[in-house]
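Peer 1: Next up is a structure, given as structure tokens.
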Amino acid sequence: MTEPTSKFDNSFESVDPLANYRNTCSQLLESAVMEFKVKKVPQMEIPTSPELADFAYPCFSLAKDLKLPPQKIAEMLLNKIGAVENLKISAVKGYLNFKINLKPLAGATIPLILKEKQEYGTFPNIGKRIILEHTSANPNGPFHVGRARNPIIGDTLARLLRKVGYEVEVQYWVNDMGKQAAILGWGVQNLSGDSLPAAGSTKKDHELVRYYQSAYKKMEEDPDVEGVITRMIQSYERGDIDELNKLKKPCSDVLAGMVESLERMNIFVDKFVWESESVLDGGVDEVIAKLKKSKITKEEEGAYYLDLEGYELGGKTSRFVFTRSDGTSLYTTRDLAYHWNKLQNCDIAINILGEDHKLQARQLEIALKIMGMEHVPEVVFYSFVSLEEGKMSTRKGQVVYLDDLMEEAAARARKEVETRRPELPDDKKSEIADVVGLGAIRYNLIRVQPEKKIVFKWMDALNFEGNSAPFVQYSHARACSILRKAEEMLAGYSDYSTDLLDSPAEDELIRNLARLPSLIHECAHTRKPHPVAAYAYKTAALFNQFYKDCPVLPAESDELRASRLALVEASRWALAVALDLIGINAPEQM
RNA sequence: GGGCCCGUGGCCUAGUCCGGAUAUGGCGCCAGCCUUCUAAGCUGGUGGUCCCGGGUUCGAAUCCCGGCGGGUCCGCCA
């Protein structure tokens, strides 16, 4: 199964306004370089600042081969290529620069966006199926912010992958076995709600986590309780269906509360797969049987493990234990069964995991290969969100719950709306506050590359200015406001001419709008969500610039007004598309 | 002890894979801009040993080696 490379393959003219130009430039470049008779496939790059060029080729390495100054090479290439329609090619400081003329670019980009609207940047179906697993948090209590990064990265990637034409199924693997499920189950069966501290919310996850916390404490204090819990674990791991069903109920209740939180964040799961299913349907037994046949499988006191000595896993790890002495399975075994099954039902499996799972993911991969699975899951790892005081911990009370963060964000946004738009009806205010507040949270957690750790600060999470979701949403709302007013004054723009858009602000904005499809393509295929946030911000900033420099409704002529209105609408859709990809709603007013 | 990841102005951050054009932007701070389409905005200024030391190269934030600091992992837990 070969993935399309991150290099663009130029077959998407109808989706990407830059595709034709990129194709042409690289062909011109390639044939010109070929004349030097060097074996080199020149790679174009996107220059740091867009005024310079849309594509550029640095001539330094060629200069070395030919023993000529880079600038000289650039000039020679320029001469060989000569004049090309719609392109301005120049040789500057050792670079061969290709700049697309604004008029043809605007003429290709704006009508395309106006036609596609929300579908701008949507690529044709690839005919491949992806199962993307994200979150899979234990259902024993509400989400805290430390865990929120997982669903946010996962959901954004799912949106990106769908946008470039994959069929994506999002799965959440529910850990309903394990010790934490037994503790929760014991708590619900043996504790009365009155004896517990009041819940911070009426949501099921917040209510039930009290049983978990209290049961955990009792288990630590009382060996009898621990004994009971251990027996519960043993019986359901042997496949005791009654015991499992008893435990599944509270898990499922907690999960319902967690899902509510996810949905409020615009995150939707297609399928929940229960860990216990892999035991009940024989999947785990199958895995154990397969692994036992491996040459590197060893046994010690009845427990079976893979001897991974030769795999260079680092540290002191060399064993992957897949059955206990009593023959029952471990979490990793069940995870293996889940993945065995999952991989059979998709072309590509992607998992979003915390960096603490790196070793485990590697072991899983090795075990899958030993079992004869030819493809293994791709994993996107992320670092943790911690507090300034340190790691988040539910038991130490050192947590910020996602629900509380969402409430606070919405409340803060509500206050802003109240002062800015006092005339709006109440429900409209609330609606805007929600969209802005929750957008700020998602934006803040997706804008940083996943491998960097994040220290949670209320000030950052609730930032409504600068590099933030509300900044982008505000630009979108401004665009919508102009369009609304245009409609009121019946200023249609069917006879606009993109040729009239030639100020510097318009130029930069249009070039940026044209880049969106290739950005989407790149981000999806490299599995990097964070540049989408940067793009949304950049587009909003350029739109604000345009907004300030180029009066739309008060434009000097009807034709100019019509043309600018077209650009406003195109910008509006690009902003909406980018926001949607990061799961943020684009309000029409705020 | 070993493996993996991170280390860019006071704070946050892009760029790092694939080395090149004056290192991207935000927050903060300072000075301006609301009688023209929403000031959650715009303009200008301030601020950098790209953790440190070597090496490779015409050229290193980027590649290699060695340190330092932080995160994370190394269970018959999940």
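Peer 1: Condition first: surrounded by fewer than 17 Cβ atoms within 10 Å (Cβ to Cβ) and out of contact with any Lys or Arg (no Cβ under 7 Å at 6 or more places or on another chain). Now tell me which residues in the stretch A:546-569 satisfy that.
Peer 2: A:Lys548, A:Asp549, A:Pro551, A:Pro554, A:Glu556, A:Ser557, A:Asp558, A:Glu559 - these are the residues of the stretch A:546-569 that are surrounded by fewer than 17 Cβ atoms within 10 Å (Cβ to Cβ) and out of contact with any Lys or Arg (no Cβ under 7 Å at 6 or more places or on another chain).
Peer 1: Which condition from (1) of a type in the set (A, V, I, L, M, F, W, C); (2) closer than 30 Å to A:Asp580 by Cα; (3) in contact (Cβ under 8 Å) with a residue 40 or more places away in the chain is the one that A:Val209 breaks?
Peer 2: Going through the list (1) of a type in the set (A, V, I, L, M, F, W, C); (2) closer than 30 Å to A:Asp580 by Cα; (3) in contact (Cβ under 8 Å) with a residue 40 or more places away in the chain, A:Val209 breaks only (2).
Peer 1: Is at least one residue of the stretch A:522-531 in contact (Cβ under 8 Å) with a residue 60 or more places away in the chain, within 29 Å of the chain's Cα centre (by Cα) and farther than 30 Å from A:Lys452 by Cβ?
Peer 2: Checked against the condition, which is being in contact (Cβ under 8 Å) with a residue 60 or more places away in the chain, within 29 Å of the chain's Cα centre (by Cα) and farther than 30 Å from A:Lys452 by Cβ, the stretch A:522-531 yields no hits at all.
Peer 1: Can you tell me which residue in the stretch A:508-565 is farthest from RNA strand B (Cβ to nearest atom), limited to those that are in a loop (DSSP other than H, G, I, E, B) and small (Gly, Ala, Ser)?
Peer 2: Restricting attention to the stretch A:508-565, the residues satisfying the condition of being in a loop (DSSP other than H, G, I, E, B) are A:527-529, A:550-557.
Narrowing the set further to residues that are small (Gly, Ala, Ser) leaves A:555, A:557.
Working: A:Ala555: 8, A:Ser557: 14 Å.
Here the answer is A:Ser557.
Peer 1: Now for a different question. Could you say whether any residue in the stretch A:196-219 is among the acidic types (Asp, Glu) and either within 30 Å of A:Leu343 (Cα to Cα) or more than 36 Å from the chain's Cα centre (by Cα) (or both)?
Peer 2: At the first step, the residues of the stretch A:196-219 found to be among the acidic types (Asp, Glu) are A:205, A:207.
After this cut, where a residue has to be either within 30 Å of A:Leu343 (Cα to Cα) or more than 36 Å from the chain's Cα centre (by Cα) (or both) as well, the list is none.
No - not one qualifying residue is present in the stretch A:196-219.
Peer 1: Between a residue in the stretch A:360-382 that is without any contact (Cβ under 8 Å) to a residue 24 or more places away in the chain and farther than 22 Å from A:Arg147 by Cα and any residue that is assigned to a loop (DSSP other than H, G, I, E, B) and of a type outside the set (A, V, I, L, M), which pairs come within a Cβ distance under 8 Å, given they are 6 or more apart or on different chains?
Peer 2: From the stretch A:360-382, the pairs are A:Glu365/A:Pro377.
Peer 1: Additional query: When the stretch A:199-225 is examined, which residues are found to be outside any helix (DSSP H, G or I) and charged (D, E, K, R)? Working first, answer last.
Peer 2: The first filter runs over the stretch A:199-225 and keeps only residues outside any helix (DSSP H, G or I), leaving A:199-203, A:222.
The answer is A:Lys203, A:Asp222.
Peer 1: A:Arg442 - would you say it is under 19 Å from A:Leu402 (Cα atoms) and not polar (S, T, N, Q)?
Peer 2: yes
Here is a yes/no grid of residues against (1) touching a strand residue (DSSP E or B) at 6+ places or on another chain (Cβ under 9 Å); (2) modelled with pLDDT under 95:
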site	(1), (2)
A:Lys342	yes, no
A:Ala349	yes, no
A:Glu378	yes, no
A:Arg421	no, yes
A:Ile441	no, no
A:Ile446	no, no
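Peer 1: Looking at the stretch A:549-571, can you tell me whether even one residue there is among the hydroxyl-bearing types (Ser, Thr, Tyr), within 27 Å of A:Ala158 (Cα to Cα) and at pLDDT 95 or above? Reasoning before the result, please.
Peer 2: Of the residues in the stretch A:549-571, the ones among the hydroxyl-bearing types (Ser, Thr, Tyr) are A:557, A:563, A:571.
Then drop every residue that is not within 27 Å of A:Ala158 (Cα to Cα), which leaves A:571.
From what is left, the residues that are at pLDDT 95 or above are A:571.
Yes, the stretch A:549-571 contains at least one residue that is among the hydroxyl-bearing types (Ser, Thr, Tyr), within 27 Å of A:Ala158 (Cα to Cα) and at pLDDT 95 or above.
Conditions tested, residue by residue: (1) surrounded by 14 or more Cβ atoms within 10 Å (Cβ to Cβ); (2) modelled with pLDDT of 95 or more; (3) closer than 30 Å to A:Ala349 by Cα.
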{"residue": "A:Lys7", "(1), (2), (3)": "no, no, yes"}
{"residue": "A:Leu28", "(1), (2), (3)": "yes, no, no"}
{"residue": "A:Gln43", "(1), (2), (3)": "no, no, no"}
{"residue": "A:Ala53", "(1), (2), (3)": "yes, no, no"}
{"residue": "A:Lys64", "(1), (2), (3)": "no, no, no"}
{"residue": "A:Pro70", "(1), (2), (3)": "yes, no, no"}
{"residue": "A:Ala83", "(1), (2), (3)": "no, no, no"}
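Peer 1: I've got another one for you. Evaluate the stretch A:351-361: report whether one residue or more is over 14 Å from A:Ser136 (Cβ atoms) and polar (S, T, N, Q).
Peer 2: No, there is no match, as no residue in the stretch A:351-361 is over 14 Å from A:Ser136 (Cβ atoms) and polar (S, T, N, Q).
Peer 1: Take the residues of the stretch A:44-69 that are within 9 Å of RNA strand B (Cβ to nearest atom) and touching a helix residue (DSSP H, G or I) at 6+ places or on another chain (Cβ under 6 Å): which is farthest from A:Ala514 (Cα to Cα)?
Peer 2: Among those that are within 9 Å of RNA strand B (Cβ to nearest atom) and touching a helix residue (DSSP H, G or I) at 6+ places or on another chain (Cβ under 6 Å), it is A:Ala63.
Peer 1: Here's another thing I want to ask about it. Given the condition within 29 Å of the chain's Cα centre (by Cα), under 29 Å from A:Val532 (Cα atoms), touching a residue at least 60 places away in the same chain (Cβ under 8 Å) and within 13 Å of RNA strand B (Cβ to nearest atom), answer yes or no: does some residue in the stretch A:394-416 qualify?
Peer 2: no
Peer 1: Let me ask something additional. Can you tell which of A:Gln545, A:Gln589 is farther than 30 Å from A:Leu132 by Cα and in the same structural domain as A:Arg447 (by TED's automatic domain parsing)?
Peer 2: Values: A:Gln589 fails: in the same structural domain as A:Arg447 (by TED's automatic domain parsing).
Of A:Gln545, A:Gln589, the one residue that is farther than 30 Å from A:Leu132 by Cα and in the same structural domain as A:Arg447 (by TED's automatic domain parsing) is A:Gln545.
Peer 1: Follow-up. When the stretch A:496-518 is examined, which residues are found to be buried (at least 23 other Cβ atoms within 10 Å of the Cβ) and of a type in the set (A, V, I, L, M, F, W, C)?
Peer 2: Answer for the stretch A:496-518, where residues must be buried (at least 23 other Cβ atoms within 10 Å of the Cβ) and of a type in the set (A, V, I, L, M, F, W, C): A:Leu501, A:Leu509, A:Ile510, A:Leu513, A:Ala514, A:Leu516.
Peer 1: Do you know which residues across the stretch A:148-165 are of a type in the set (D, E, K, R) and either in contact with a His (Cβ under 8 Å, 6 or more places away or on another chain) or farther than 26 Å from A:Ile520 by Cα (or both)?
Peer 2: Passing the criteria: only A:Asp155.
Peer 1: So in the stretch A:98-135, with the set limited to residues that are buried (at least 16 other Cβ atoms within 10 Å of the Cβ) and acidic (Asp, Glu), which one is nearest to A:Tyr382 (Cα to Cα)?
Peer 2: Selected residue: A:Glu133.
The values are calculated or read from the model by the stated rules, or taken from the named source; none is laboratory data. All values derive from a computational prediction rather than experimental measurement. Every residue, glycine as well, gets a Cβ built from its backbone with ideal geometry; the counts of neighbours run over all protein chains shown.
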